[in-house]
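Just below is one structure, and these are the notes that go with it.
The values are calculated or read from the model by the stated rules, or taken from the named source; none is laboratory data. Since the structure is predicted, the reported quantities are computational estimates derived from the model, not experimental observations. No Cβ is skipped: glycine too gets one built from the backbone with ideal geometry, and neighbour counts run over all protein chains shown.
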Amino acid sequence: MMRFNNAGSRDTRSGFGEGLLEAGRQNQDIVALCADLTGSLKMDQFAREFPDRFFQVGIAEANMMGIAAGLTIGGKIPFTGTFANFSTGRVYDQIRQSIAYSAKNVKICASHAGVTLGEDGATHQGLEDMGLMRMLPNMTVISPCDFNQTRAATLAIAKFKGPVYLRFGRPKWPNFTPVNEEFIIGKAQVMTEGNDVSIFATGHMVWNALHAAEALLEKGISAEVINIHTIKPLDEKTVLQSVHKTGCAVSAEEHMRNGGLGELLAQTFTRNHPIPMEMIAVNDLFGESGKPEELLRKFNLDIPDIVQAAVKAFSRKKG
């Protein structure tokens, strides 16, 4: 029986908004910048309470990154906000040159990641963002799984020194992690223990992985589900401990297979402990418009897809 219960569905972007407001109350050096998407990023509460510390830069994302980098020189802790596509691809040069290269203390906060953005379609669905960000030296990359964890992650990165990419989503999603649970950057979470297959999931896919583990148990397969909320730095110790026990793995992410969590784990296993592995991810495709649940099925990111991949990995180990 799964020990994580849905306490009601809430969007992860609202977790960011609440976390940003609380962080701003705790530290007056925190400032926020937004590229004309204050409501969508749930930054409006911060803007109302701290108007002198909020900067609406308009649809000028590259300029926003440059301003944020400059603000760190005066001791400010800037949080930038726009969609994942515009937080990374549109401004990659500015992030690389002005933020990552000199390890500026900028928090790049990106909403509307993955296909669960839904009806806005391929142009707005960030599916390459984690790969782009994890390739940058000095960059920490975080992808929390629900409202509570996104709020906690936002508070944690406010106290962390260095550039961070924080990824979250648009849809209402099951909120199942404990309220006020400490978020430890770089420490993977073992959600359920198992002996037959390791399922490494991130973001929205953690909930689907937990349900997949229940379905696998009915098939006689004991799955260990691990929440990789920090993509970089990867908690290699926890990851390798799990696969040494289970002998096979599945990765699950709402991201492109190329450059994503699965590819990162495969590199880790190749270097340390080669095992059979299957990947649940978008396979070299752009997204498209549709309902979130329809798109998860369309791109093979749903619970049955994780179950099927786990059965295949388990069979490869045995065969």
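Looking across the stretch 157-170, the residues that are of a type outside the set (A, V, I, L, M) and either part of a strand (DSSP E or B) or under 14 Å from the mean Cα position of the chain (by Cα) (or both) come down to Y165, R167, F168, G169, R170. Please work out if T154 is in a helix (DSSP H, G or I) and at pLDDT below 95. Criteria not met by T154.
Quick grid of which residues meet (1) farther than 21 Å from S251 by Cβ; (2) outside the structural domain of G260 (by TED's automatic domain parsing):
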position	(1), (2)
A103	yes, yes
S111	yes, yes
G118	yes, yes
L132	no, yes
A153	no, yes
R167	no, yes
E182	yes, yes
A213	no, no
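Right, K232: within 16 Å of M130 (Cα to Cα), touching a residue at least 60 places away in the same chain (Cβ under 8 Å), touching a strand residue (DSSP E or B) at 6+ places or on another chain (Cβ under 6 Å) and surrounded by fewer than 24 Cβ atoms within 10 Å (Cβ to Cβ) or not? Yes: the conditions hold for K232.
Taking the stretch 25-41 as the range and being buried (at least 24 other Cβ atoms within 10 Å of the Cβ) and outside any strand (DSSP E or B) as the test, the residues that pass are A35, L41.
Considering only residues that are polar (S, T, N, Q) and in a helix (DSSP H, G or I), look in the stretch 75-124 and name the one that is surrounded by the most Cβ atoms within 10 Å (Cβ to Cβ). Before the answer, list the steps.
Of the stretch 75-124, the ones polar (S, T, N, Q) are 80, 82, 85, 87-88, 94, 97-98, 102, 105, 111, 116, 123.
If we keep only those that are in a helix (DSSP H, G or I) too, we end up with 85, 87-88, 94, 97-98, 116.
Numbers: N85: 22, S87: 31, T88: 25, Q94: 19, Q97: 13, S98: 20, T116: 25.
Once the filter is applied, the top-ranked residue is S87.
List the number of the failed condition for R167; all other conditions in (1) closer than 23 Å to P304 by Cβ; (2) surrounded by 24 or more Cβ atoms within 10 Å (Cβ to Cβ); (3) of a type in the set (D, E, K, R) hold. Going through (1) closer than 23 Å to P304 by Cβ; (2) surrounded by 24 or more Cβ atoms within 10 Å (Cβ to Cβ); (3) of a type in the set (D, E, K, R) one by one, R167 breaks only (1).
Is it the case that D52 is farther than 27 Å from D146 by Cβ, in contact with a strand residue (DSSP E or B) (Cβ under 7 Å, 6 or more places away or on another chain) and at pLDDT 95 or above?
Values: farther than 27 Å from D146 by Cβ: yes; in contact with a strand residue (DSSP E or B) (Cβ under 7 Å, 6 or more places away or on another chain): no; at pLDDT 95 or above: yes.
No, not satisfied.
Looking at the stretch 131-151, which of its residues are part of a helix (DSSP H, G or I) and crowded, with 24+ Cβ neighbours inside 10 Å? Before you say what the answer is, go through the steps one by one.
The first filter runs over the stretch 131-151 and keeps only residues part of a helix (DSSP H, G or I), leaving 131-134, 147-151.
The answer is M133, F147, Q149, T150, R151.
Among the strands (runs of 3 or more DSSP E) confined to the stretch 176-251, the ones with at least 1 residues that are closer than 18 Å to A266 by Cβ and of a type outside the set (D, E) are located at 197-201, 223-227, 230-232. Inclusion of K104 among residues that are in contact with a helix residue (DSSP H, G or I) (Cβ under 6 Å, 6 or more places away or on another chain), at positive phi, modelled with pLDDT of 95 or more and not acidic (D, E) is not warranted.
Out of the residues in the stretch 284-315 that are touching a strand residue (DSSP E or B) at 6+ places or on another chain (Cβ under 8 Å) and of a type outside the set (A, V, I, L, M), state the one that is surrounded by the most Cβ atoms within 10 Å (Cβ to Cβ). This residue is F314.
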